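A quick write-up on the structure given underneath.
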Amino acid sequence: MSAATTAPVELRDGELAGWHEWARPWPVMIAALVAAGLTALLTVSADVLVRPDGFALFSSYSVVAFAAVGLLWRRRRPQSLVGLVLLLVAAALAGVALQGSSWSLVFSIGVLFDPVAALLAWYLLLSYPGVRLTRAATAVFALAVWTVVVGFVPWFFLSPAINGGTFLARCTAGCPPNALMIADRPDVAGHFATVEEVFRVLFAIAMVALLVSRLVLATRPRRRILAPVYAVGCVWIGLFGLFGAIGYFAVTEQRLIDALGWLLTGTRVVLPLAFALALLLAQSYAGRSLATMMQRLQGSPAPAELERAAAEALGDPRLRLALRRSNENAWTDVDGAPIVPAAGGPGRRWRALGSGEHPTAALGHDAALDDDAELLDAVSTAVVLSFDRSRTDTELQASRRRIATASATERRRIERDLHDSAQQQLVALRIHLDRASERLGRDEELEQVGLGLEQALHEIRAIAHGAYPAVLRDFGLGAALTEAARSDGRVRVKVGRLGRYGEEVEAAVYFSALEALQNASKHCPADSRIAVEVWEDAGDVRFEVRDDGPGFDPSTAPEGGGLVGMRDRLAVAGGTVEIHSAPGHGTRVSGAVPARST
């Protein structure tokens, strides 16, 4: 089956991606502090507001808080434009702070900044966590713009007396006149003020309904990042609309107005903090998601399990994982079917995973997840690390098998050389020595030489057997272990149902069982019983070596000893070993290797 030949496309929220280059943290923060200080000084010295100290503190805090949170977003998510909009809100709020001035023109400009700051803040809420408006959000924002155009603007330019929109910006009797008035028509301005109040209520209802529906329909990871901002935003917008209703119905209960005004002010205080909290929660959740995924993906998970874990972490059930095959431009899904990573469909994005020009995989995810960069980066990192670990494990396993194959080949060569060369020469020498003894008669020195030759032959046969016994090669595991145990009368060998297996399997089982048998023979007293069993069960070749000897504590076994070598030898063949022992309770060594027949 041929694979698709289109490379994945990674699309990020990178519009105006260089904005953070000119929005340097220190200059921006210094400018915000200076603006906050100057406007506070201007408000306190003018003393034209009912609560000048409160307005000065509130305005200064708003400018600094939105600027600081905007810079935090700039640092944590440089590709996102949320930080830029937050900085624009801070700048507009610096303009709103001019309402505390006693100079007529400055005061009027400050009131004119009210709808500017409000529209920017509303746009931020409607587009969050990105900066693009959906179709529904565009309709709601158009209603907000219409409220300003048909309500605030005519009222502002036709009113001789104007007032700031915030609760703390209410003027005293000495409030400056409107320096930007173009016609003195307070009666007409009153009608436009009523229109504005009606549209404020409609806008507030529509926006709260949209934010709540988004929160309810969002996936769990996305709801986590929306919740702090939307919760505060809904309260703020709801109170904003409620004040419109109070104005329309001419409610005069001052205690109610004051209570709602303080609540509205408190909500505005919390709003920038909600954006900071959402960002910090996103980073915290991303870290936990990465840790959870790495714990879940221990070992070498199958691609389907990897895709399932990533989908659950991102809350995107439609997530797809594409894998690059041998051809650098060929892609398949986790089931091996062709896939075209660039054709994600509407609302979908593909994100390349891995380094270099040719990534090893790609994630096809909901485009909305681009706005949750920390979570998406964490899941992508987990997938890449899992692939890297699997590739490393595969390469390590292949390397071990090559080493084991080379070792087995070298063992056979040594056994063959000893048998065909040194052993045959010694046998020939022994024959010549016997003939010499027949001719020369009994000679003590010749007898000593003969005994030496016999000992040398015995040692060479033992070395050849340890290198790679011919009986293992010719007759298999059962015969080889029976032969190895023949020299120790304490050992009983039981051979179950066995076939012939690949050289790698037979060598791993034989030499591991032989290691356990030699350890038992070495450490058990003369009256001990040692049992060796080898059989095939459930697709595995299994062995077990038991003894009733003194036992030992496996945790104190020396590093790099025979037990470690046994584990490594079996691991090369894909097998495992278990060692059960305790001082005074004997030892049981059992192992299993997947059976691969010859």
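The values are calculated or read from the model by the stated rules, or taken from the named source; none is laboratory data. Computed from a prediction, not measured in an experiment: that's the story for all the values here. When we count neighbours, we look across all protein chains shown, and the Cβ atoms used for this are built from the backbone with ideal geometry, even at glycine.
Worth pointing out:
- Within the range 351-390, the only residue that satisfies the criterion of being farther than 22 Å from PRO78 by Cβ, outside any helix (DSSP H, G or I) and among the hydroxyl-bearing types (Ser, Thr, Tyr) is THR360.
- Taking the conditions (1) crowded, with 20+ Cβ neighbours inside 10 Å; (2) closer than 30 Å to SER386 by Cβ; (3) among the aliphatic types (A, V, I, L, M) in turn, MET294 satisfies each one other than (1).
- Test: residue in the range 304-318 that is exposed (fewer than 14 other Cβ atoms within 10 Å of the Cβ), free of Cβ contacts under 8 Å to residues at least 60 places away in the same chain and part of a loop (DSSP other than H, G, I, E, B): yes
- Test result for ALA508, assigned by TED's automatic domain parsing to the domain that holds SER487, modelled with pLDDT under 90, hydrophobic (A, V, I, L, M, F, W, C) and more than 45 Å from the chain's Cα centre (by Cα): no
- The residues listed here are ASP553, ASP548; of these, the one that is modelled with pLDDT of 90 or more, more than 17 Å from LEU481 (Cβ to Cβ) and either acidic (Asp, Glu) or within 39 Å of the chain's Cα centre (by Cα) (or both) is ASP548.
- Selection status of ALA218, in the same structural domain as PHE167 (by TED's automatic domain parsing) and farther than 24 Å from LEU86 by Cβ: no
- Hey, PHE157 surrounded by fewer than 20 Cβ atoms within 10 Å (Cβ to Cβ) and in a helix (DSSP H, G or I) or not: yes
- The set of residues in the range 470-509 being crowded, with 22+ Cβ neighbours inside 10 Å and assigned to a helix (DSSP H, G or I) consists of LEU472, LEU477, ALA480, LEU481, ALA484, VAL505, GLU506, ALA507, ALA508, VAL509.
- Filter result for SER102 (assigned to a helix (DSSP H, G or I), polar (S, T, N, Q) and under 30 Å from SER45 (Cβ atoms)): no
- Qualifying residues in the range 116-158 (those that are over 18 Å from LEU271 (Cβ atoms) and polar (S, T, N, Q)) - the one modelled with the lowest pLDDT: THR134
- Top-ranked residue of the range 578-598 - restricted to ones that are surrounded by fewer than 21 Cβ atoms within 10 Å (Cβ to Cβ) and of a type in the set (Val, Ile, Thr), ranked as modelled with the lowest pLDDT: THR598
- In the range 202-233, the residues that are surrounded by fewer than 16 Cβ atoms within 10 Å (Cβ to Cβ), under 24 Å from LEU273 (Cβ atoms) and free of Cβ contacts under 8 Å to residues at least 40 places away in the same chain: VAL212, VAL216, ARG223
- Qualifying residue in the range 292-302 (condition: on the phi > 0 side of the Ramachandran plot and outside any helix (DSSP H, G or I)): yes
- Looking only at residues in the range 129-154 that are assigned to a loop (DSSP other than H, G, I, E, B) and in contact (Cβ under 8 Å) with a residue 24 or more places away in the chain, the one that is surrounded by the most Cβ atoms within 10 Å (Cβ to Cβ) is PRO129.
- The residue that is modelled with the lowest pLDDT, among those in the range 20-52 that are farther than 30 Å from PHE167 by Cα and crowded, with 16+ Cβ neighbours inside 10 Å, is HIS20.
- Conditions (1) surrounded by fewer than 18 Cβ atoms within 10 Å (Cβ to Cβ); (2) basic (Lys, Arg); (3) closer than 16 Å to GLU515 by Cα: number failed by ARG529: (3)
- Restricting attention to the range 52-75, the residues that are charged (D, E, K, R) and more than 14 Å from ARG24 (Cα to Cα) add up to 1.
- Beta carbons closer than 9 Å, at least 6 apart along the sequence or on distinct chains, pair a first residue in the range 177-191 that is assigned by TED's automatic domain parsing to the domain that holds VAL149 and of a type in the set (D, E, K, R) with a second that is surrounded by 13 or more Cβ atoms within 10 Å (Cβ to Cβ) and in a loop (DSSP other than H, G, I, E, B) for ASP184/SER159; ARG185/SER159.
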